[in-house]
1. Please verify whether segment C:275-285 includes one or more residues that are more than 26 Å from A:Pro38 (Cβ to Cβ), under 15 Å from the mean Cα position of the chain (by Cα) and touching a residue at least 24 places away in the same chain (Cβ under 8 Å).
2. Would you mind stating whether A:Gly33 is assigned to a helix (DSSP H, G or I) and either surrounded by fewer than 21 Cβ atoms within 10 Å (Cβ to Cβ) or without any contact (Cβ under 8 Å) to a residue 40 or more places away in the chain (or both)?
3. Can you spot a residue in segment C:28-47 that is on the phi < 0 side of the Ramachandran plot, touching a residue at least 24 places away in the same chain (Cβ under 8 Å) and of a type in the set (Ser, Thr, Tyr)?
4. For a quick check of your reading of the model, give me the residue pairs whose first member lies in segment A:170-198 and is under 12 Å from A:Arg223 (Cα atoms), whose second is aromatic (Phe, Trp, Tyr), with beta-carbon atoms closer than 8 Å and at least 6 apart or on different chains.
5. Being closer than 27 Å to A:Tyr264 by Cα and either buried (at least 23 other Cβ atoms within 10 Å of the Cβ) or touching a helix residue (DSSP H, G or I) at 6+ places or on another chain (Cβ under 8 Å) (or both) is the filter here; which residues of segment A:67-86 pass it?
6. Scan (1) farther than 25 Å from B:Arg61 by Cβ; (2) at pLDDT below 90 for the single condition B:Phe214 breaks and write down its number.
7. With respect to the numbered conditions (1) more than 25 Å from A:Arg239 (Cα to Cα); (2) within 14 Å of chain C (Cβ to nearest Cβ); (3) out of contact with any strand residue (DSSP E or B) (no Cβ under 6 Å at 6 or more places or on another chain), which one is the sole condition not fulfilled by A:Thr73?
8. Can you find, within segment A:175-199, the residue that is surrounded by the most Cβ atoms within 10 Å (Cβ to Cβ) among those that are part of a helix (DSSP H, G or I) and at the interface with chain C (Cβ under 9 Å from one of its Cβ atoms)?
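The values are calculated or read from the model by the stated rules, or taken from the named source; none is laboratory data. The structure presented is a predicted model; accordingly, all values stated were derived computationally and were not measured. Neighbour counts run over all protein chains shown; Cβ positions are idealised from the backbone, glycine included.
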Amino acid sequence: MSDLVTGIRAQVRDLLARRRVEYVVGYETGSDGVNARPFFAYTTEEADRLVFDNTCTHNLTKYLVEPERRGSTIGVVVKPCDARSLTVLLAEHKFPRDVVAIGVVCPGIVQRTREGGDGEAPQARCQVCDQHTPPACDILVGEATAEGPVLDQFARLAPLEAQSAAERSAFWSQQFERCLRCYACRQTCPQCYCDECFAEALDPEWVGVRIGRAENWLFHAIRCFHLAGRCIGCDECERVCPVKIPLGLLNRKLRKEVLDRFEYRAGTRSDERPPLETFRKEEKLDLA
Amino acid sequence: MLDLTPDMKLFSLRLQDPAVAESLHYEVGQFALVSVFGVGEAAFDISSLDAPRAALEFAVRRVGTLTEALHEMEEGSVVGVRGPFGNCFPMAEYEGRNLVVIGGGSGMAPLRSVVNYVVQPARRERFGQLLILNGARTPADLAFKHEFEKWASSPQTCLELTVDRGDDDWRGRVALIPDVVRELKPSPLDCVAIVCGPPIMIKFTLKALKDLGFADSQLVGTVETKMKCGIGKCGRCNVGDKYVCLDGPVFTFAEIGRFLEEF
Amino acid sequence: MTAQRITRQGLLDWLNGVAAKATLIAPVRVEGIYLFRPIVKIEDIALDYSQSTVPPKEWLFPRSDTLFTIERLDRAYELKPPAAAGPRVLFGIRPCDARALAILDRLFLAEPADNLYEERRQNTVLVGLACARQQLPECFCTSLGGGPQEAANVDVLLAGAGEAYTVTVATEKGQQLLSGATLRDGGEMPPAPSLSNQVPTAGMAERLRLAFNSSYWQRLADRCLGCKMCTYLCPTCHCFDIRDCDVGGHAERVRCWDGCQSALFTKLAGGHNPRASKAARLRQFYAHKYLYFPERFGVTQCVGCGRCAHFCPVNIDIRETLRDLQTLEVCPHGSGETARRREPVGAAFGDSRASA
């Protein structure tokens, strides 16, 4: 058993024994015996089911914003990127309730295709990750590492950016044609927490009910704008998409724009609202 | 179109095709799907009685986009109607028995046809006593006021009204329906009670009736679920092995109790 | 039933002929996944595909279906039905997905029949492709009476891989479709692949009834994200929404896939939602398949294709749920058991996982 697992279990046992939290959201080994899945530990015995390894892909902060959990005191295991999600949620005042963040020093998460296997290549987000120690958490498990050089987060965008607008339009049109609007991307995203999603609002009906290219396009376009300056790049939306729409590209592009224009990286400050939710006089408006 | 309450209107529909109008027949308690073309379609209980060349009537409360669109239509507008669908109140089975009809708010819509069926002079003596208990939040919210006199003057019939909150002109009861049931103490003997209204009102009214000795099989209601297709395909109204659009909306509470789920 | 043989080249030639007379729909590889799509070039067909991500049900019950278009006239509306579907050949359907269509038939063809589904069904010939191996790690068709070489629900079944296929003609429709194919006598069924999953499914209706109020559902729902993926990728899920929408200046009434895992599915216009919790919705998914549908239609509404388990973002695994239900403490309706069960989900897998 790794030191990380021993550390997490000890911390969770303690939190539960002291009744500091009602339950802790962490990871356990899934039904294939290999890949992790989310697990909710309610008792000190259940704390011993918790695991942590390079398959712990889920961003568990999603569970914190579920309406059904309002009023609960919750512990949550966070990787560095997940901690940035938490920071965004704190900045947006999504937590009148109590959360204990158990940060874990992250080894990087592996890419697994659904065909089974495909080896141990790190996920795209992990290949460019320059933050292996959770930036903000209440408890740290693992040894804080010195952060390496800041890597180019946006290399993956280059081929798409090199294309003409017409080519990009054709590319996305083809991608969105496959979308089933199962909403897994939205449901897995911690930054998607509206009580009524614009995509399902009936009055007014912003997005038609038809599951077709035009409606799908509108859904993904508006969703990525809603996430601009808020998406921390966990790429879970892309991982869960059953028809493999590269949503990470879309959100990455918006992250890049926000960084270029506002020098803002989502999830780094809990005392400031994201740039697209605020306006300052000195902000440049080159709308031409 | 007739204003029933500040947020409820009675719509009278005449079928355009005389042949269809001629062949249309429906039972008390059945529903139909009404379309506002370009807006959508929704299910409503039929509030009228089947009679030659009579209009189809629906009492509709303004609650969503479709009912909003209906409410804003002008007299003479064209809507679509599909139906009738679903089962019905087994009125023939109720003959010879006493009836207690309890409606809360817009829950009176499906019950209006039950009452009008029983109080028809040609049919009235087939039934025993009829107690109608109509409740609403305020006096203005009591639906079907234009028929109260007809109902109250029917032989062996008692119309009781109650509101949660009175106003300056209200001289009647200010009480919750379950409390009125306890006060009136209808006898369960050879009696069927039909209850329609919001879930919370149904829950406490049933309790009051059971305390008086009513068995689940003597308690009848309509189950309100979302419905889209009306023909048992879309799965919206699935509760247990029942599709409310095919097997309902009318159920006894003995049947509803076997649903497993609370609906 | 007669068994014959066809070579790979013979198969492609025949399919070229088929495509000239009907819309040929077959699995193709798109961005690393398989989908059933109309075929333009025969070479695009992924003959050795594993399993399509989206089941071929989408060609009989499409994700969006126009019921009619609405033209506004003076004081009236004209409703125009959509153009009729032409003849189609659905090639390469897996036995489980074909079995799923037979299940959907029970619902959609029950009186009053769903005319759009019925019309497409009558105009579609099913050419099955038997499984030469287990296609998804989670699939368990044999636990539900199906099998990797089942020919019962297709018109023609092909089995084999590589250079030759054994052809089983199951219906008259299939026989007609095969006219023009170069068949050789003496085909022999290749050995059936061994499948790793045996999942207990017997008596599940009763188990579900008994466990209806178990807090198991709350624990399972804890990690459910509430997306509709399981229902959309399920070859037997059939729920839909009907709405009017504006399409380029005129209105259409469309029906679109919808799923019981959405909170909006049962929410009434007034705001009341009888199935308001994730736990109740997740239970509905299983209860509908293994309790309600069998009560009404006489068959389980699941073919064990494994998609829901395979694609679930948080590993809600139907095999695990079915096993758990076998050993679950009994909390029947009305027993008042609402306390949170301390036994976590997946206990049937034992302690091996906890110590991993």
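1. No: segment C:275-285 contains no residue that is more than 26 Å from A:Pro38 (Cβ to Cβ), under 15 Å from the mean Cα position of the chain (by Cα) and touching a residue at least 24 places away in the same chain (Cβ under 8 Å).
2. So A:Gly33 does not fit the description; no.
3. no
4. These pairs meet every condition: A:Cys197/A:Tyr183; A:Phe198/A:Trp206.
5. A:Val76, A:Val77, A:Val78, A:Lys79, A:Cys81, A:Asp82, A:Ala83, A:Arg84, A:Ser85, A:Leu86
6. Unmet for B:Phe214, out of (1) farther than 25 Å from B:Arg61 by Cβ; (2) at pLDDT below 90: (2).
7. The single condition A:Thr73 does not satisfy is (2).
8. The residue in question is A:Ala184.
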